[in-house]
Amino acid sequence: MVTRLEMLVDRLDSQLSIRRKELTDIRLMSLGSSGSTAGTLRRAGHVLVYSHWEGFSKYAFAQYLEYLCDTRVIVDSLKIGLRTLNYWGSFKSLAASMQFDSAIGLLQSFEQGDSSYFTVDSAEMTKTGNLDSRKFRSLLDSCALEYRPIYQTRENFIDQVLCGRRHRISHGLLEPISAADLTSALDGAVELCEEVNEQIQDALIYDRYME
């Protein structure tokens with residue numbers, strides 16, 4: 001019988017495969033064209049590159065959180081980032097209401113431990129806007145996942161190339177994109193998505209979300 005985890009791994013791999021193929025297709029289309037058509041395809045291709053970086057990352061984080069919810073993991077068994085995420089709604093409600101007795105109750109619940117099941121709204125938790133390096137790191141932190149060296153060394157690429165160039169193009173700037181520019185952005189985005197995919201699968205397979 002196929003396990004829930006095996007189905008999740010298949011979904012992640014399938015998502016990444018579909019996105020990789022679409023990016024490969026648009027690169028080949030741009031390379032097979034010339035003149036203004038090639039330039040248009042490269043500019044459109046870069047926007048698509050960014051969309052797959054953001055789309056796959058958020059999809060993978062959401063799947064990760066949904067898996068933890070569906071498998072009914074006990075809150076107290078989780079790493080601090082995930083425990084904090086579990087209470088995030090309570091923190092925000094408390095801040096909005098400024099109810100002192102509510103704050104006391106929340107602190108008391110921490111002292112007594114929490115044997116309830118991990119519960120979050122994965123769609124709400126992955127709403128970040130444009131996925132620059134700062135927001136990407138915040139997602140990793142809230143999911144109790146390591147900010148790996150590859151992410152740190154690629155911060156400028158994420159911010160200046162994936163996000164920055166996409167922002168300029170999508171807001172109307174006729175920024176020229178060379179074939180080398182598109183290839184570099186595409187390969188870099190796929191590499192980062194592959195790292196996210198591997199990291200999330202590794203965390204779930206080896207229970208790296210546990211305290």
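The values are calculated or read from the model by the stated rules, or taken from the named source; none is laboratory data. This structure is a prediction, so every number in the text was calculated from the model and none was measured. Backbone-built Cβ (ideal geometry, glycine too); neighbour counts: all protein chains shown. Note: accessible area is taken over every heavy atom of the protein model, side chains too, but ligands, DNA and RNA are not part of it. Shrake-Rupley method; radii C 1.70, N 1.55, O 1.52, S 1.80 Å.
Being open to solvent by 30 Å² or more (accessible area, probe 1.4 Å), modelled with pLDDT of 95 or more and either in contact with a Phe, Trp or Tyr (Cβ under 9 Å, 6 or more places away or on another chain) or on the phi > 0 side of the Ramachandran plot (or both) is the filter here, so list the residues in segment 113-140 that pass it. Listed by number, the list holds a single entry, Arg137.
Does segment 9-39 hold any residues that are open to solvent by less than 40 Å² (accessible area, probe 1.4 Å) and closer than 17 Å to Ile205 by Cβ, and which are they? If the condition is that a residue be open to solvent by less than 40 Å² (accessible area, probe 1.4 Å) and closer than 17 Å to Ile205 by Cβ, then Val9, Leu12, Leu16 are the ones that fit.
Looking at Ser57, is it in a helix (DSSP H, G or I), at pLDDT 95 or above and at negative phi? Answer is yes for this residue. Could you list all residues from segment 141-153 that are touching a Gly at 6+ places or on another chain (Cβ under 8 Å) and surrounded by fewer than 19 Cβ atoms within 10 Å (Cβ to Cβ)? Asp141, Ser142 - these are the residues of segment 141-153 that are touching a Gly at 6+ places or on another chain (Cβ under 8 Å) and surrounded by fewer than 19 Cβ atoms within 10 Å (Cβ to Cβ). Filtered by the rule that a residue be open to solvent by less than 40 Å² (accessible area, probe 1.4 Å), of a type in the set (A, V, I, L, M, F, W, C) and out of contact with any helix residue (DSSP H, G or I) (no Cβ under 6 Å at 6 or more places or on another chain), segment 159-178 gives a lone residue, Cys163.
Checked against (1) without any contact (Cβ under 8 Å) to a residue 40 or more places away in the chain; (2) within 20 Å of Asn197 (Cβ to Cβ); (3) open to solvent by 70 Å² or more (accessible area, probe 1.4 Å), Glu66 meets all criteria but (1).
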